1. Tell me, what is the per residue accessible area of the stretch 1-109 in Å², probe radius 1.4 Å?
2. If the viscosity is 1.002 mPa s and the temperature 20 °C, what translational diffusion coefficient in µm²/s does Stokes-Einstein give for the stretch 53-184 when Rh comes from Kirkwood over Cα pairs?
3. Pop a pseudo-label 7 angstrom from the Cα along the beta-carbon direction at both Tyr200 and Ile224 and give the gap in nm to one decimal.
4. Evaluated at 4 °C with a viscosity of 1.567 mPa s, what Stokes-Einstein diffusion coefficient in µm²/s does the stretch 118-168 have when Rh comes from the Kirkwood expression over alpha-carbon pairs?
5. Given a 1.4 Å probe, how much area per residue of the stretch 143-222 is accessible, in Å²?
6. Using the alpha-carbon centroid of each, what span in Å lies between the stretch 170-227 and the stretch 85-142?
7. Take each uninterrupted DSSP H stretch in the chain, measure its Cα extent along the helix axis, and return the ones at 18 Å or beyond whose mean Kyte-Doolittle hydropathy is at least 1.6.
8. Once ligands and nucleic acids are excluded and a 1.4 Å probe is used, how much of His211 is accessible, expressed in Å² to the nearest 10?
Amino acid sequence: MLKRLAIWFSVIISGFLLFTATQIPFQMGLFGGYSGVGLTLIGVLQAALIIPLLYLGLRLLDMDFRSIGWTTAHWQQDSLLGAAAAAGWTLVQFLWIIPQTGGAERQDVADIIAMLDGEWANVWWYVPLGIIGGGLVEELYNRGFFIGALAGIFKESKIALYAAAVLSIVFFAAGHLPQNWIEWIDLLIPSTVYTVLYLYTGRLTAPIVAHALWNTAAAILVMILYA
């Protein structure tokens, strides 16, 4: 048990470091900086580095991606569920939360505006990052491996499953480095939604779709409404 927990913990820490390491060179201005093609490259690098790490961790735990919910079963209904969740959160954010909490003056919105730099080309370069790095890789890591693998170590114990779910919600939010209570709320709510989708379906399709669509919608709507 302790050896398996050590493997799980090592993968979680290594994955977090890789998420950080794949962004630092671009934020320092290398490879074109944190804009344009650099945004897509970050998503590709995250997939190229973190997915093999998760594969290795699962192999060491005698698991596979299917055991943590990565499957095409019921993908149509799961995709619709994820799309509905993304649409609901998008409406709440852009019709209520963002306008009531500062609009373009919010730090996170200002950061997106700066990243896009008023260029639609930057939006389209960002979309692969939002889908690959955010929707796919973050959900495989934060929901699939974090919750699924930890629950598997404890032989699918309900207590372990729900404890892992709560930890995953907080870990995901904290990992995005929120700077104030508004950003905490903006991260904890979708993190909870993605986790509930994962627990409800037992699969990763719905949270991946919800996460990817939210990232895409956020960039497009910030560009339209605030840039």
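The values are calculated or read from the model by the stated rules, or taken from the named source; none is laboratory data. All of these numbers come straight from a predicted model, not from anything done at the bench. Positions of Cβ are backbone-derived with ideal geometry, glycine not excepted, and every protein chain shown enters the neighbour counts. For accessibility, only protein heavy atoms count, side chains too; no ligands or nucleic acids. Shrake-Rupley method; radii C 1.70, N 1.55, O 1.52, S 1.80 Å.
1. I get 56 Å² per residue for this part.
2. 124 µm²/s
3. Placing both labels 7 Å beyond Cα along the Cβ direction yields 2.5 nm.
4. So the translational diffusion coefficient is about 105 µm²/s.
5. 42 Å²
6. Distance between centres, Cα-based: 9 Å.
7. Going by DSSP H runs, the hits are 2-21, 37-60, 158-175, 205-225.
8. 10 Å²
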